[in-house]
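K.L.:
Encoded as structure tokens, here's the structure I'll be asking about.
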Amino acid sequence: MADELIESILNESRSFAPPKDFIDQANIDEEKVNNLKKQAKENHIQYWATLAKDQLEWFQPFKNILDESKAPNYEWFNDGVINASYNSLDVNASKSPNKTAIIFETEDGKSEHITYKELLSKTSQFANGLKKLGVEPMDRVVIYMPMCPEAVIAMQACARIGAIHSVVFGGFSSNALKDRIEDAKSKIVITADGAYRGGNIIPLKQATDEAVSQSSYKVENVVVFQRTGEKIEFNEKRDVWWRDLVSNCDSNCDPEPLNAEHPLFILYTSGSTGKPKGIQHSTAGYILHAKTTFSWVFDIKNDDVFWCTADVGWITGHTYVAYGPLLAGATILIYEGAPTFPDVGRFWDICEKHAVTIFYTAPTAIRALMKHGDEIPQSYDLSSLRLLGTVGEPINPEAWMWYHRIIGQERCPIVDTWWQTETGGAMISPLPGITETKPGSCTTPMPGIDVDIVDELGEPVGEANQGGYLVIKKPWPSMLRTIWGDNQRYIDTYWEKFDGRYYVAGDSAYRDEDGCHWIMGRIDDVLNVSGHRLGTMEVESALVANEMVAEAAVVGRPHEVKGESIFAFVVTKGERPIGEDAKKMQEALREWVAEQVGAIAKPDEIRFSDNLPKTRSGKIMRRLLRVIARDEAITQDISTLEDESIIKQLQGED
Ligand code: PRX
């Protein structure tokens, strides 16, 4: 399969040189990049130290660069003192106070501009409010908010006072929120009375109430931002309105001087077990990579309007909404609602309305909008766009070409950025004024990032077009520091496979003869559904938590728009349901999973059988289930299968 995939991509492969106009104005030229790469190669550690001195404002400069004494818990710049919010807001508010930091577009089409000066003052005021509630450095604060400026303000306010934020995507259920509150032991939850999405109101406060009341960890306060004006339950002892909290607060708040290694945030992501892992990032290392990659990959200029469509609930929304652009003093656009509201032209309407110059989104969104044809984007003025980006999953060449021709009008380079929650920022990506791009390839590593592809024994595959494990050979400043509360899991997940020699990304990849990287997908039981990472075990645990379910196995199946869809095989406790009963139970289980995890985890298909295919030693034959889910012919040996007769049920024929 992997070989066929490689071959088909290679056959179709074309490359696109950056347009001359773009090269002429690009921030970073070939000479500069070669220089950076040379410095990194000659002295990896010194390279990062120079960048950290040049790019960041330190309260106390560092002398230590990389501390490997506790490897793989690497530390960077660990005797330096710094603050992420100071570097984002104070630095830029003093340079250009009246520059727009955030353009906010609401779902019902209103917009608002917030300058750097205003953003600094709102953030400081809210930071003082958090202090009033007793929030101290190292306290955890869960943020469960709509996509609005206050979500960014809440993050920046935490960073300002040294509290560790943990943003939970607003599409996650109350149960998923509760798990994260408990794991992080969060003192405070910041939420809103609701979020506008696709013409509906998502009841975030109600979900928060459920999560907080069921949490075994006692949340002290819930801060509620009024976004919709909907009626909500209000617990006078515990809840506090955002506006009341800030009403008497000073709009100056000195940024807390923090150690470079102070945890900036925890962000939960899926792994190959049922329990999401809290990826912990540091302060200085993270903001360094966020700022530099933002400036290089997106070629940012003073008058750019940068729009990253990701929600702040995901890492992309952390690095390329809440931190990178603000560290670089850029103007960002934040859109609150759904891409299809009121119609499928909404993204392009926003690009035209706010003269967006740089647009960054996920392949799944491109594929979903591409389905509606060329006429819709062609009916908008997209001439302001000068650069396009993608992230989150491999982009199929067809979607790439559509993005290039119809959205970029063959004028805009496309940066396909490969990275992960764990890596903190872009790792492999074109630099738009330099790199020749190929549809479907994320091309070459960033300066200072040492990527390789290795075989089962950890030896570099060497040869072009040879698939293997994607690894990162040297520590880099924005790498995750640990998994919150479970350092052993950190070691086991990312380092154990090759005895601590490399960071193992969990993706398989190959490099072609031009040195371009092609990501082939995950090597673990992690699915990529609409650019979001989901563990098969997470969905399985949710299914088996239902009293009607005895066993469940979940696999991914390729999907035209979502990249992958979720296919669940379920064994029920009673009789196997058929006909109408099966339909009813499928719907009930889909809703159940949405309640347990969130709508993104709803299985697209559920098939019931009397048993799951297991080897005689009792292991579920996942490979076989993947073949069945894809409707492919079974060619593998099934002689070890305990009960061959269930194959027909699994294929849906019985
Ligand atoms: O499999 C890779 C895929 O998304 C995974 C990381 O997911 P997450 O931590 O949720 O972060 C997504 C946003 C940075 C990776 O292990 N992935 C991410 N970007 C790309 C990609 N696959 C192919 N091409 C990409 N550009």
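The values are calculated or read from the model by the stated rules, or taken from the named source; none is laboratory data. What you are looking at is a predicted structure, and each value in this text was computed from that prediction instead of being measured. Cβ sites come from the backbone with ideal geometry, for glycine too, and all protein chains shown count toward neighbours. Areas reflect the complete protein model, heavy atoms only, side chains present, ligands, DNA and RNA absent. Shrake-Rupley method; radii C 1.70, N 1.55, O 1.52, S 1.80 Å.
K.L.:
What is the extension gain from Lys583 to Glu230, computed as 0.36 nm multiplied by their sequence separation minus the C-alpha to C-alpha distance, in nm to one decimal?
P.N.:
123.6 nm
K.L.:
To make sure I understand the rule: partners must be lysines, Cα under 19 Å from the Cα of Lys275, and not fewer than 8 residues away in the same chain. Which ones qualify?
P.N.:
Within the straight-line cut-off, Lys275 pairs with Lys178, Lys185, Lys602.
K.L.:
Within 10 Å, count the other beta carbons around each residue, average over each peptide in 499-510, 85-96, and list them highest first.
P.N.:
Top to bottom by mean Cβ count within 10 Å: 85-96, 499-510.
K.L.:
How much of the DSSP bridge set in the chain is antiparallel, in percent, rounded to the nearest 5?
P.N.:
Among the beta bridges of the chain, antiparallel pairing accounts for roughly 60 percent.
K.L.:
On to the next question. Remind me, what semi-axes does the stretch 523-650 give for its equivalent ellipsoid, largest first in whole Å, using sqrt of 5 times each Cα gyration tensor eigenvalue?
P.N.:
Over the Cα atoms of the stretch 523-650, the ellipsoid semi-axes are 22, 19, 13 Å.
K.L.:
For the stretch 442-573, which semi-axes, largest first and in whole Å, follow from the square roots of 5 times the eigenvalues of its Cα gyration tensor?
P.N.:
Result for the stretch 442-573: semi-axes of 31, 19, 13 Å.
K.L.:
How high is the relative contact order of the chain, in percent, with contacts defined as C-alpha pairs under 8 Å that are six or more residues apart?
P.N.:
It rounds to 13 percent for the chain.
K.L.:
Can you list the lysines whose alpha carbon is less than 22 Å from that of Lys648, not counting same-chain residues fewer than 8 positions off?
P.N.:
Lys573, Lys583, Lys584, Lys614, Lys619
K.L.:
Beyond 36 Å, how much of the Cα-Cα pair distribution for the chain remains, as a whole percent?
P.N.:
Counting pairs separated by more than 36 Å, the tail of P(r) holds 38 percent.
K.L.:
For the stretch 73-83, what does the Karplus curve 6.51 cos²θ - 1.76 cosθ + 1.60, with θ = phi - 60°, yield as ³J(HN,Hα) per residue in whole Hz, taken in order and with x for Gly and Pro?
P.N.:
With the stated coefficients, the stretch 73-83 comes to 8, 6, 10, 10, 6, 6, 10, x, 10, 7, 9 Hz.
K.L.:
Here's something else I'd like to know. Sorted by average packing, counted as other Cβ atoms within 10 angstrom per residue and highest first, what order do 467-474, 398-405 take?
P.N.:
The most tightly packed comes first, giving 467-474, 398-405.
K.L.:
Which percent of the accessible area of the stretch 354-406 is formed by carbon and sulfur heavy atoms (probe 1.4 angstrom)?
P.N.:
Roughly 55 percent, rounded to a whole number.
K.L.:
So what J values fall out for the stretch 48-64 if you push phi through Karplus, 6.51 cos²θ - 1.76 cosθ + 1.60 with θ = phi - 60°, rounded to Hz, Gly and Pro as x?
P.N.:
Using θ = phi - 60°, the values come out as 5, 5, 4, 4, 4, 6, 6, 8, 10, 9, 9, 6, 9, x, 8, 10, 6 Hz.
K.L.:
What fraction of the Cα pairs in the stretch 1-143, stated in percent, has a spacing above 27 angstrom?
P.N.:
Of the Cα pairs, 57 percent sit more than 27 Å apart.
K.L.:
Determine the relative contact order of the stretch 523-650: mean sequence separation of Cα pairs under 8 Å and six or more apart, normalised by residue count, in whole percent.
P.N.:
Relative contact order for the stretch 523-650 comes out at 22 percent.
K.L.:
If eta is 1.306 mPa s and T is 10 °C, what Stokes-Einstein diffusion coefficient results for the stretch 225-326, Kirkwood Rh from Cα pairs, in µm²/s?
P.N.:
Rounded, D is 92 µm²/s.
K.L.:
Here is a further query. Could you rank the peptides 611-617, 285-291, 458-464 by their average count of other C-beta atoms within 10 Å per residue, with the highest value first?
P.N.:
Answer by packing, highest mean first, reads 285-291, 611-617, 458-464.
K.L.:
Under the Karplus relation 6.51 cos²θ - 1.76 cosθ + 1.60, θ = phi - 60°, what is the ordered set of whole-Hz ³J(HN,Hα) values for the stretch 347-361, x standing for Gly and Pro?
P.N.:
Listing the rounded values in order: 4, 6, 4, 5, 4, 5, 4, 9, 6, 4, 9, 10, 10, 10, 8 Hz.
K.L.:
Something else now. Which cross-chain or sequence-distant (5 or more) residues have an amide H under 5 Å from the amide H of Asp139, H modelled 1.01 Å from N in plane?
P.N.:
It is Ile164, by chain and number.
K.L.:
Now for a separate question. Straight-line reach from Lys32: which lysines have Cα under 19 Å away, leaving out those fewer than 8 places along the same chain?
P.N.:
The reachable lysines, counting only those whose Cα sits under 19 Å from Lys32, are Lys20, Lys41, Lys53, Lys291, Lys301.
K.L.:
Loop-only check: which chymotrypsin sites (Phe, Trp or Tyr not before Pro) in the stretch 167-230 are DSSP coil with at most 16 other Cβ within 10 angstrom?
P.N.:
Passing both the DSSP loop test and the Cβ count: Tyr217.
K.L.:
Right, something else. For every helix of n ≥ 4 consecutive DSSP H residues, a contribution of -39,500 (n - 2.57) applies; sum these over the chain, divide by its total residues, and give [θ] at 222 nm rounded to the nearest 500 deg cm²/dmol.
P.N.:
-8500 deg cm²/dmol
K.L.:
Hey, another quick one. Out of the stretch 566-654, which GluC sites (Glu not before Pro) are coil in DSSP terms and have no more than 12 other C-beta atoms within 10 Å?
P.N.:
For GluC sites (Glu not before Pro) across the stretch 566-654 that sit outside H, G, I, E and B with at most 12 neighbouring Cβ atoms in 10 Å, the list reads Glu575, Glu632, Glu653.
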